[in-house]
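Only the coordinates and a few stated rules stand behind these numbers; no lab work does. Small disclaimer: the values here were computed from a predicted structure and weren't measured. A quick note on method: Cβ atoms are made from the backbone with ideal geometry, for glycine too, and the neighbour counts reach across all protein chains shown.
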Amino acid sequence: MKCLKCGKEYRQIVPPRCSCGAFLEVSYDYSRVDIGKWKNRERGVWRYKELLPDVAKIISLKEGGTPLVKAKIGEELGINVFIKDETRNPTGSFRDRLATVGVSYGLPYADNGFIVASDGNAAASLAAYAARANKEAFVVVPKKVDKGKLIQMIAFGAKIIRYGESVDECIEYARELSRLNGLYDITPENNIIGLEGQKTLAFELWEEINPTHVIVPTGSGSNIYSIYKGFRELLEIGVVEEIPKLIAVQTENCSPIVAEILGIEGKREFTKALGLYVKDPVNKELAIRAVRESGGTAVAVSEDELDFGERALAKEGVFAEYSSAVVIPALVKLHENGYFEKGDRVALVVTGSGLKSYYVEERERFSIGGTKLEILKLLREKPMYGYEIWENLEKPMKYQAVYQHIKELEALGLIEEAYKRGRRVYYKLTEKGERLLENFED
């Protein structure tokens, strides 16, 4: 990778900007790309390997190739609407596209492991793909993060570092940890290599419907820019005549990108759409460029509209997190303003699963909460045997019920046998149990 302005070369890490200040992009010899080869390959990110960085070994969990479903809401509105369901990726979000390329490319430079700064999805993705590559994953996440995503990180064995109130504060910290500890950083604000994986969503949309509009939930700005780059490369190859109009969607509470596009005063406050809680997005300029050069627009939706969006997607058979649900109220607003024309093909990008969000928080508090959580807290103090645990629990219950909880915690890998004394089996927390307890208390 060479900067077109000053000629500086980058190989290991490719930052969004060169040291001279120019924006950097990964480019290819588009005249040599034969798209005819794509049709004979398996669906997924690496189907498009001619437009991806060269790697010695692909680390994949069969990401990409996600379903495109015709939406019923389109019939109600009188327009053609399609849902690109990224919840069907291996860890439940679009960030698996980033992780497969970032980890595959970074493998030769990751002797000490990988790191990412994330509001949740990229951290869960890296945890899974680093585990697949037999490498350690370090994830820097803010204090406010969906519990479902934390559960994924813990399950995949990631080392979790809680830092700051929003992901903005995590990015620089991850960069410094990467430098000091020899970790390969796949944070898109620090290294654009992984964005090459995200752009494959554009290739899939082109193969399926060649959309006229793409509505994209926008937090850091990296996804809408990736999609723009993908379509721009298709334009360069000559298979499309124009780039579809890209529409950035944020919440009214946190709308730095939308506000600048629309020329209105924006907010940088907390939003329950945690994936969009990015107060000062590093990729803001690139996201704005993507929207403006595609002839698109931007929409801000209220916190109340998030619930409407979630319910509407559920009626389509898609359970999405709040950060994805913004696409529905955005679609409705644009339709009411007469934005679409007859014959338009509108793609809604649903970026992450609701199973990773607040619903999982409630589910896990039910299954790991209550008695199980109390048992974990007791075992953090010292190893105990079953009858001793039962005696120390404050709530009255039968010993057989406590024994069942102990067996379930052991099956989940949260506790293990510490030692035996006669017939008594003493239990202790595992490292996984320690991490889970620590993060639940946060």
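Below 24 Å, Cα to Cα, which lysines can LYS398 reach? Residues fewer than 8 away in the same chain don't count.
Here the lysines satisfying the reach criterion relative to LYS398 are LYS372, LYS377, LYS382, LYS407, LYS420, LYS428.
Measuring from centroid to centroid over Cα atoms, what is the spacing of the stretch 66-114 and the stretch 408-442 in Å?
Here the answer is 35 Å between Cα centres.
Please report, in Å, the Rg and the Dmax of the chain, where both are computed over Cα atoms only.
Every Cα atom of the chain included, Rg and Dmax give 23.2, 78 Å.
Sum up the charges of everything whose Cβ sits under 10 Å from the Cβ of THR91, counting Lys and Arg as +1 and Asp and Glu as -1, but leave THR91 out.
That works out to +1.
Defining a contact as two alpha carbons under 8 Å apart and six or more residues distant in sequence, what relative contact order in percent does the stretch 368-441 show?
For the stretch 368-441, the relative contact order is 36 percent.
At 222 nm, what helix-only mean residue ellipticity would the chain give, in deg cm²/dmol to the nearest 500, using -39500 (n - 2.57) for each DSSP H run of four or more?
Rounded to the nearest 500, it is -12000 deg cm²/dmol.
Using alpha-carbon positions, what is the distance between the centroids of the stretch 197-244 and the stretch 13-28, in Å?
Computed from Cα coordinates, the inter-centre distance equals 20 Å.
Show me the three semi-axes of the equivalent ellipsoid for the stretch 1-127, from the C-alpha gyration tensor (sqrt of 5 times each eigenvalue), largest first, rounded to whole Å.
Semi-axes from the Cα gyration tensor: 30, 20, 17 Å.
Give me the percent relative contact order of the chain, please, defined on Cα pairs under 8 angstrom at least 6 residues apart.
15 percent
Calculate the tail of P(r) for the stretch 103-199: the fraction of all Cα-Cα distances greater than 22 Å, expressed in %.
I get 17 percent for the Cα pairs in the stretch 103-199 exceeding 22 Å.
If you plug each phi of the stretch 223-235 into the Karplus form 6.51 cos²θ - 1.76 cosθ + 1.60 with θ = phi - 60°, what whole-Hz ³J(HN,Hα) values come out, in order, with x for Gly and Pro?
For the stretch 223-235, the Karplus-derived couplings read 6, 5, 5, 4, 5, 4, 4, x, 5, 5, 5, 5, 5 Hz, x marking Gly and Pro.
What is the mean projected area of the alpha carbon convex hull for the stretch 368-441, to one decimal in square nanometres?
One quarter of the hull surface, i.e. the mean projection, equals 4.6 nm².
Among the lysines, select those whose C-alpha is under 17 Å from the C-alpha of LYS149, and discard any that sit fewer than 8 residues away in the same chain.
Within the straight-line cut-off, LYS149 pairs with LYS159, LYS272, LYS356, LYS432.
Going by C-beta contacts inside 10 Å, put ARG345, ARG97 in order with the fewest on the left.
ARG345, ARG97
Run the lone-cysteine check on the chain: no other Cys C-beta under 4.7 Å from the residue's C-beta.
If one checks each Cβ against the other cysteines of the chain, CYS170, CYS254 turn up with nothing under 4.7 Å.
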